[in-house]
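The values are calculated or read from the model by the stated rules, or taken from the named source; none is laboratory data. Note that the coordinates shown come from a computational prediction; the quantities given were computed from them, not determined experimentally. Cβ placement follows ideal geometry from the backbone for every residue including glycine, while neighbour counts extend to all protein chains displayed. Surface accessibility is based on the protein's heavy atoms, side chains included, excluding ligands, DNA and RNA. Shrake-Rupley method; radii C 1.70, N 1.55, O 1.52, S 1.80 Å.
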Amino acid sequence: MRFSIKDLVITDENARSFEQVIDLLEPHADQRLLFLEGPGDAGKTTLMVACGTSAWGGLGPGPMYCHAGEVMLALRLEGICWGEEHLSDIGEANPLFVDDIEGFLGDAPLGPAAFAALINARRAAGLDTVVASRLSAKELCDRGMSSSLDGFTILPMPSLSQEGRAKLAYNFLTAFSKVAGKDIRIPDNMLDIMANHIADECAEIEFLAQRIVEKAPLGITVEIADLAALNTLLI
């Protein structure tokens, strides 16, 4: 299922950060290195996936989204076809969106060294890179990733408000339902429950929306008016 840039929830608090990231998909001459810093309910992954999987009409390799764990897996499988191809794609993508970079710290000393090598190579090639972490840049630097983040512009990503999370749930459901050709109707109070009481992070809101759409039958209107109806659908 695809969640596009037009479905993102942009608020007064995150507008500047979102716009700078989205602008990477437009032609520009300068190299840009961006660091998205914020908690798990800020929408960092949603933003990066939407940009990293967007359609590309430019010259050369286009945008790509990956997780720190993918990079480490590709390194460990470097001698195997998938590992070689994935490393090549990661190295050439422009822009590249690397999520949860704190994950490199959990695989020391290889992880931090691999991250440094990746960033240095991309910096030397003039390629745009966006990284994201729940940890602050200072925390990452204190734990050995200081030189890797040199030259990155820090973009703060605050938590979405309750209203913003409910709107994100609506956008996820609308986008996924459209792709699946299903008619799902959920009142505002249930969107609020889904986004602010069942799910803790934006990724969990997305997963819940996907599950609802996957479970909903085709050809009929599915109404989820309360928790009992939601539980019945998901069983």
Of the residues GLY144, GLY111, GLY126, which is on the phi > 0 side of the Ramachandran plot and modelled with pLDDT under 90?
GLY144
If GLY219 meets every condition in (1) at pLDDT 90 or above; (2) small (Gly, Ala, Ser); (3) within 25 Å of the chain's Cα centre (by Cα); (4) open to solvent by 40 Å² or more (accessible area, probe 1.4 Å) apart from one, which number is that one?
(3)
Tally the residues that are more than 30 Å from THR129 (Cβ to Cβ), in a loop (DSSP other than H, G, I, E, B) and in contact with a strand residue (DSSP E or B) (Cβ under 8 Å, 6 or more places away or on another chain), restricting the search to segment 150-185.
1
Considering each residue of segment 105-128, count those that are within 22 Å of CYS51 (Cα to Cα) and open to solvent by less than 20 Å² (accessible area, probe 1.4 Å), and give that number.
4
Could you tell me how many of the residues in segment 167-186 are among the aliphatic types (A, V, I, L, M) and either under 17 Å from the mean Cα position of the chain (by Cα) or open to solvent by less than 20 Å² (accessible area, probe 1.4 Å) (or both)?
4
For PHE35, the lone unmet condition from (1) in a strand (DSSP E or B); (2) under 24 Å from ALA209 (Cβ atoms) is (2)
Keeping to segment 114-149, report how many residues are small (Gly, Ala, Ser), under 27 Å from GLU13 (Cβ atoms) and assigned to a helix (DSSP H, G or I).
1
For residues that are at pLDDT 85 or above and within 15 Å of the chain's Cα centre (by Cα), tally how many sit in segment 1-18.
6
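Residue under question is ALA50, and the condition is that it be outside any helix (DSSP H, G or I) and either modelled with pLDDT of 90 or more or closer than 30 Å to LYS215 by Cα (or both); does it hold?
Working: outside any helix (DSSP H, G or I): no; either modelled with pLDDT of 90 or more or closer than 30 Å to LYS215 by Cα (or both): yes.
No: the conditions fail for ALA50.
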Hey, among the residues in segment 1-22 that are among the acidic types (Asp, Glu) and within 16 Å of MET157 (Cβ to Cβ), which one's surrounded by the most Cβ atoms within 10 Å (Cβ to Cβ)?
GLU13
Condition test on ASP142, is it surrounded by fewer than 20 Cβ atoms within 10 Å (Cβ to Cβ), closer than 21 Å to ASP30 by Cβ and not β-branched (Val, Ile, Thr)?
no
Pairs returned, first residue in segment 8-37 that is closer than 26 Å to ALA169 by Cα and touching a residue at least 40 places away in the same chain (Cβ under 8 Å), second residue that is outside any loop (DSSP other than H, G, I, E, B) and open to solvent by 80 Å² or more (accessible area, probe 1.4 Å), beta-carbon separation under 7 angstrom, 6 or more apart or interchain, are VAL9/LYS167; PHE35/ILE154; GLU37/ILE154
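In segment 178-235, what residues are of a type in the set (S, T, N, Q) and without any contact (Cβ under 8 Å) to a residue 60 or more places away in the chain? Working first, answer last.
Taking segment 178-235 as the starting set, the residues that turn out to be of a type in the set (S, T, N, Q) are 189, 196, 210, 221, 231-232.
Once the filter is applied, which keeps residues that are of a type in the set (S, T, N, Q) and without any contact (Cβ under 8 Å) to a residue 60 or more places away in the chain, segment 178-235 yields ASN189, ASN196, THR221, ASN231, THR232.
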